Amino acid sequence: MSHTPPKAPSANMMWGGRFANGPDAIMQAINASIGFDRRLSAQDIRGSRAHAAMLAATGILTNKDAEAIGEGLLTVLSEIERGSFPFRVEFEDIHLNVEARLKELVGEPAGRLHTARSRNDQVAVDFRLWVRDQCDAAVTGIEALMRAFLAQAEAGADWVMPGFTHLQTAQPVTWGHHMMAYVEMLSRDRSRFADARARMNECPLGAAALAGTSFPIDRQMTAAALGFDRPTANSLDSVSDRDFALEFLSASAICAMHLSRFAEELVIWSSAQFRFVVLSDRWTTGSSIMPQKKNPDAAELLRAKLGRILGATVALFTVMKGLPLTYSKDMQEDKEQVFDAADTLMLGLAAMTGMVGDMTANRASLAAAAASGFSTATDLADWLVRTLNLPFREAHHVTGTLVARAEALRCDLPDLTLAQMQAVHPGITDAVFAVLGVENSVRSRTSYGGTAPDQVRAQINRWKDLLP
Ligand code: ARG
């Protein structure tokens with residue numbers, strides 16, 4: 001469709017009644033949000049169509065006008081989707097751009113669309129619709145990553161590896177158990193987005209500028225048409241609330257923090273010193289000068305991305321802090337932060353899903369590392385308690401002495417002879433060697449949620465049933 005855009009008006013055609021002059025060019029630059037809020041186009045048109053239909057149903061608009069508006073808005077939407085829509089900075093934001101174009105397309109009825117509405121409730125509903133979709137997208141992305149961890153866990157449910165505290169070898173655990181720890185973390189992320197979505201699912205449309213309206217609108221109708229559970233109950237709160245954006249950002253930050261932690265493990269694990277995993281070529285880069293290198297760039301970037309998301313979170317909290325009720329233009333600063341955080345999170349989830357799916361755990365390296373570093377010292381202490389009825393503190397001391405012996409002899413605990421052990425505690429018998437093996441160690445951790453392969457498999461099966 002061809003058209004001639006109108007000359008920029010000297011005073012704004014939407015609100016210029018009391019203005020003799022248009023804005024300074026720099027004012028336009030700081031004031032306009034169309035450069036970024038065009039991402040709300042589809043939501044804006046959806047909200048306006050619901051509003052127009054309601055205005056007709058309540059007799060505030062004629063059916064004829066409402067139909068012209070509804071049809072015109074669909075034309076606008078198709079122009080936007082085709083990329084032919086003339087976004088104009090002089091119309092400030094997406095709301096005024098859509099309305100101005102509608103006026104060009106359908107004429108006089110376009111001016112009636114804004115009855116019983118303000119940009120304040122309009123932007124609140126548009127942005128909620130957008131953030132609500134992002135919550136759904138985040139849930140889907142998280143579930144894909146959970147499935148990738150689940151597949152890794154299933155492949156190596158009983159592979160032994162060192163478990164760490166303070167990044168020091170602590171006790172042997174299983175690969176499956178370590179992978180399933182991330183499934184738990186991600187499941188909390190998933191429920192945070194689902195909770196936030198349920199809480200934000202109230203419709204602010206109809207709050208108008210701040211006080212409600214004297215027109216006999218039907219807010220239940222617009223709420224239902226837009227998929228909300230109910231209308232918001234306080235018009236002042238409706239136009240000044242950005243909790244839904246803050247909750248989305250907070251949930252995103254926690255999720256990105258989880259991605260960052262696994263990213264760090266991948267950086268460590270893929271190093272030549274560890275060799276716990278091999279990352280696929282699809283998620284690594286080479287060095288232009290050191291031919292041996294395979295750098296875990298994707299993991300490093302994922303380790304860093306939380307910085308952006310947390311930055312956006314802090315930025316919006318800072319914008320909202322101390323704002324008096326109700327709407328203030330400060331709040332226009334909400335969108336870029338949320339857009340960037342959402343894009344970053346979705347990219348991060350996709351990259352991590354790919355990386356986890358493609359990585360190969362090195363079972364032999366994991367097993368070798370599991371057996372080193374006196375990882376079964378706790379098993380030895382527990383054996384002394386169980387078999388010789390020593391108080392745990394004494395058993396701890398005896399074990400510590402044995403570790404020091406082994407360290408001095410440059411060997412591991414199972415390499416000590418029975419005589420060397422009995423020199424430290426005469427009650428020790430041959431049977432002790434059974435608990436010093438890492439396989440036995442992990443098999444013995446059968447408490448609920450423990451690292452024993454049977455426990456791990458039970459959790460894997462539980463999640464296979466729970467995940468879509
Ligand atoms: N572009 C504005 C925003 O994003 C829309 C609301 C403007 N409302 C107003 N009264 N100026 O916040």
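Nothing in this text is a laboratory measurement; each read-out follows from the coordinates by a stated rule. What you see is a predicted model, and the numbers here were worked out from it, not measured in a lab. No Cβ is skipped: glycine too gets one built from the backbone with ideal geometry, and neighbour counts run over all protein chains shown.
What the Cβ-Cβ distance of SER191 and THR417 gives, at R0 = 51 Å and to the nearest 0.05, is a FRET efficiency of 0.45. FRET efficiency for the pair THR285 and ALA434, taken as 1/(1 + (r/R0)^6) with r the Cβ-Cβ distance and R0 = 56 Å, rounds to 0.75. Counting only DSSP beta bridges with both residues in region 136-292, the antiparallel share comes to about 75 percent.
Each of VAL173, GLY206, ALA224 was scored by the projection of its Cα onto the charge dipole of the chain, and the greatest displacement toward the positive side belongs to VAL173; charges sit on the C-beta of Lys, Arg, Asp and Glu. Taking the fewest neighbouring Cβ atoms within 10 Å as the starting point, the ordered list for HIS425, HIS177 is HIS425, HIS177. Working note: 222 nm ellipticity from helices only, DSSP H runs with n ≥ 4, each -39,500 (n - 2.57), summed and divided by the residues of the chain, gives -20000 deg cm²/dmol to the nearest 500.
Each other residue within a Cβ distance under 14 Å of SER444 adds +1 if Lys or Arg and -1 if Asp or Glu, for a net charge of -2.
If you plug the beta carbon distance of SER372 and LEU347 into 1/(1 + (r/R0)^6) with R0 = 45 Å, you get a FRET efficiency near 0.75. For a straight C-alpha distance cut-off of 16 angstrom, the aspartates and glutamates reachable from LYS321 (same-chain residues fewer than eight places away being disregarded) are ASP237, ASP241, ASP243, GLU247, ASP330, GLU333, ASP334. Ranked by how many other Cβ atoms sit within 10 Å of their own Cβ, fewest first, the residues GLU202, GLU184 fall in the order GLU184, GLU202. A simple charge model with +1 on the Cβ of Lys and Arg, -1 on the Cβ of Asp and Glu and nothing else charged puts the dipole of the chain at about 100 debye relative to its Cα centre. PHE274 label point, 7 Å along Cα→Cβ, cut-off 15 Å on backbone N: hits in region 306-327? Counting only backbone N, you get no residues. The dipole here belongs to region 1-139: it is taken about the Cα centre, uses +1 on the Cβ of Lys and Arg and -1 on the Cβ of Asp and Glu, and is about 120 debye. Mean separation of Cα pairs under 8 Å and 6+ residues apart, divided by the residue count of the chain: what relative contact order is that in percent? Relative contact order for the chain comes out at 16 percent.
Since only LEU390, LEU402, LEU418 are under comparison, the one whose Cα sits farthest along the positive direction of the charge dipole of region 388-468, derived from C-beta charges on Lys, Arg, Asp and Glu, is LEU390.
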